[in-house]
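Student: Take this structure first; my questions come after.
What follows is calculated from the coordinates using simple rules that are stated; it is not laboratory data. This one's a predicted model, so the numbers in the text were calculated from it and none came from an experiment. As a convention, Cβ positions derive from the backbone with ideal geometry for all residues, glycine included, and neighbour counts pool all protein chains shown.
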Amino acid sequence: MKAFTRIAAIALSVVFVAGLLAGVLAPAHYAKQFREDASASPSGKFLLGTDELGRDRFSRLLYGSRVSLLLAPCAALLSTLLAALIGGAAGYFGGRWEKSAMLFTDLFMSMPWLFLLITVRAVLPLNTAPTTSVLITFSLLGLLGWAASARVVCSGTKSLRNSEFVLQAKAAGCRAGRLFAVHMLPNLKPVLFAQFWISIPVFILAEANLGILGLGVSEPLPSWGSLLRELEDFSAIGLQPWRLVPLFLLLMVVSCFQMVISEKEYSR
Amino acid sequence: MASGSAENSRGRSAARRFLQRLVVFFITLLLAGLLGATLVRFAPGFGLSTEQLDTRLTPESVQALRDAHAGERNLALFYARFLGGLFTGNLGTSSSFKRPITELLRERLPVTLGAIGWGMVLGWLLASSFAASAWLFRSRTYDLFTTVLSGIFLCLPTAALAILFLLMRAPGRFAIALVVFPNVFRYVRNLLATSGELPHIITARAKGLGPSRVLLWHVLPPAAPQLFALLGVSVSMALGAAIPIEAIAGIPGIGQLAWQAALGRDLPLLVNLTLIVTAVTLLANWAGELFAQSLRSHAA
């Protein structure tokens with residue numbers, strides 16, 4: 001199992017580095033249109049062919065990987081911070097604080113994640129600049145994806161609050177802020193790290209769902225979600241099976257994340 | 001006598017818990033509806049339509065189009081009116097479909113419930129048969145096969161799964177089964193694996209009881225409460241998956257309706273759908289937990 005995890009970690013690193021170096025590795029800019037080569041098949045010049053606007057699919061895949069792989073962790077960081085803030089405060093203060101925070105959390109969790117995401121994304125402007133659409137999409141993922149993590153953080157904080165070392169620190173006159181920052185936060189780190197890692201593949205998949213439905217990143221900027229929109233033209237997939245490459249890459253990356261996460265969970 | 005009073009107090013506390021749960025259920029439902037209404041009301045461009053850009057319209061006609069949304073501008077008033085209508089069975093009129101919402105829901109709710117029902121049954125059948133066979137065979141190769149198979153479906157976006165189903169000319173609603181399957185399979189497999197290590201199971205096997213008998217009589221009954229709780233959670237999974245699947249596969253259910261309502265910023269319809277989706281999710285979770293609790297107390 002460890003060998004598989006190692007391979008998964010290496011594969012993730014390769015895709016991540018390739019995405020980071022998209023500007024260097026990509027043969028063309030993601031928006032450049034080779035009008036004379038529109039809908040071309042894979043060749044030495046265009047490794048994955050071109051789309052109907054003549055844009056190099058391989059270059060778009062590299063740039064798309066950069067957008068998805070850099071911004072999903074940012075969204076995961078935002079959601080983990082929110083979970084730490086809401087769940088941590090609820091667990092630390094307890095009583096009415098905990099009840100109200102958990103009611104708020106239940107409210108978010110009572111709606112299926114995709115329903116909430118699609119509804120909120122659809123009511124926000126869709127015809128925005130590509131960079132704005134990237135910010136809207138990933139901020140939304142971060143802002144709406146904290147609820148499940150907050151529950152875990154709350155229960156972790158609650159058990160820490162009642163632990164002996166915290167009680168002793170309280171008895172020694174340690175103030176609430178210092179108690180939380182110095183004594184509790186370091187012990188919550190493993191929980192927060194786990195929630196951060198678990199959120200990344202979830203957000204990558206959510207962005208892909210939004211992209212396929214046309215609610216993700218705006219053209220011409222590519223992301224895995226917007227690249228998968230090409231699959232909506234079913235009739236062309238049989239003739240151009242290389243259109244499925246972004247789907248296979250997404251499948252591979254999310255699987256690698258799942259393998260690394262399960263190995264981390266087993267080793268804890 | 002003592003056991004009778006203990007039973008009475010248990011009954012009272014169960015009734016109190018039920019009432020508390022009911023209150024929380026209604027508060028959550030009201031807040032969810034309000035949240036949905038607030039989001040749409042304060043979304044940029046609310047109340048504007050492309051019709052207003054028609055240069056042939058006179059200023060009076062443009063004003064009339066704006067006034068059509070006047071009743072929805074005051075959020076508190078809109079929500080209070082909506083709740084008042086809800087008690088009399090009037091759910092309002094959809095602004096994008098120009099039809100009574102009750103009519104739309106009557107047409108589409110059975111379609112989605114059917115799709116979710118099929119998806120749940122197939123997903124659970126697949127998941128439980130794979131998990132049970134993995135437990136019975138105890139083969140590393142078979143375990144790897146089931147893990148990889150469920151992993152593939154777990155790592156595919158729901159919308160892409162719907163597209164693949166259309167590509168294979170398979171009914172789109174069955175895609176819901178493949179969303180439910182991997183999540184249920186992984187949980188059930190882990191649950192069976194944990195139960196298999198319990199001392200009474202090891203003793204039963206050591207005494208020579210057949211694996212199927214051990215599974216049916218000794219592993220499944222103690223795991224039943226957790227399975228019922230998972231059943232409730234899987235309804236929420238199926239409902240969430242129904243939205244992109246119905247939108248892509250063109251299934252005229254409430255998933256597609258939610259998608260069209262969101263794009264059309266149809267406030268009355270969206271608030272109703274938010275309430276329905278939240279109610280179904282909460283009720284499913286609640287029913288699952290109630291079954292689990294009653295099984296636990298029965299076993300105790």
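Student: On a straight-distance basis, which lysines could pair with residue A:32 in a cross-link, Cα separation under 24 angstrom, same-chain partners fewer than 8 positions away excluded?
Tutor: The qualifying lysines are A:45.
Student: Within 10 Å of each Cβ in A:102-112, how many Cβ atoms from other chains are there, averaged over the peptide?
Tutor: Counting other chains' Cβ atoms within 10 Å and averaging over A:102-112 gives 6.
Student: May I ask you to sort A:111, A:184 by Cβ crowding, counting other Cβ atoms within 10 Å and putting the fewest first?
Tutor: Details: A:111 25, A:184 21.
Ascending number of Cβ neighbours within 10 Å: A:184, A:111.
Student: Still on this structure, I have one more. Can you give the mean number of other chain Cβ atoms that lie within 10 Å of the Cβ atoms in peptide B:244-254?
Tutor: On the way: counts 7, 0, 0, 4, 4, 0, 0, 0, 0, 0, 0.
Per residue, the number of nearby Cβ atoms from other chains is 1 on average.
Student: Would chain B count as rounded, prolate or oblate if I go by the C-alpha gyration tensor, calling it rounded below 1.5 in a/c and otherwise prolate when a/b exceeds b/c, oblate otherwise?
Tutor: oblate
Student: Taking 2.2 N^0.38 Å as the expected size of a compact globular protein, what ratio does the Cα radius of gyration of the protein assembly as shown give against it, to two decimals?
Tutor: Values: Rg = 25.9 Å, N = 568, 2.2 N^0.38 = 24.5 Å.
After normalising by residue count via 2.2 N^0.38 Å, the value is 1.06.
Student: While we're looking at this one, here's another question. Please give the charge dipole size of the stretch A:147-268, origin at the Cα centre, charges +1 on K and R Cβ atoms and -1 on D and E Cβ atoms. Round to the nearest 20 debye.
Tutor: Here the size comes out at about 960 debye.
Student: Summing Lys, Arg as +1 and Asp, Glu as -1, what charge do residues with Cβ under 12 Å from the Cβ of residue A:140 carry, residue A:140 excluded?
Tutor: Values: positive: A:121; negative: A:207.
Charge balance in the 12 Å sphere: 0.
Student: If you don't mind, there's one more thing I want to ask. Are there DSSP H segments in chain B that both extend 24 Å or more along their axis (alpha-carbon positions) and score a mean Kyte-Doolittle hydropathy of at least -1.0? List them, or say none. Display every interim value, and only then the final one.
Tutor: Numbers: long enough: B:2-41 (58 Å, 0.57); B:101-137 (52 Å, 1.04); B:175-196 (32 Å, 1.04); B:220-249 (41 Å, 1.47); B:267-299 (48 Å, 1.05).
Long hydrophobic helices here: B:2-41, B:101-137, B:175-196, B:220-249, B:267-299.
Student: Follow-up question, since we're still on this one. Using Cβ contacts closer than 10 Å as the measure, can you line up B:185, B:82, B:25, B:18 from fewest to most? Please report the intermediate quantities before stating the final value.
Tutor: Numbers: B:185 26, B:82 21, B:25 16, B:18 12.
Lowest count first: B:18, B:25, B:82, B:185.
Student: Cut-off under 26 Å on the C-alpha distance; same-chain residues fewer than 8 positions from residue A:158 excluded. Which lysines are left, in chain and number order?
Tutor: Partners found: A:99, A:170, A:189, A:264.
Student: Expressed as a whole percent, how much of the Cα-Cα distance distribution for the stretch A:3-267 exceeds 27 Å?
Tutor: The answer is 47 percent, as a whole percent.
Student: Okay, next question. Considering the dipole of the protein assembly as shown built from charges on the beta carbon (Lys and Arg +1, Asp and Glu -1) around the Cα centre, which of A:249, A:81, B:13 is farthest to its positive end?
Tutor: Towards the positive end, the residue furthest out is B:13.
Student: Further, regarding this structure: Over all residues in A:201-213, what is the mean tally of Cβ atoms on other chains that come within 10 Å of each residue's Cβ?
Tutor: Going residue by residue through A:201-213 and averaging, the value is 4.
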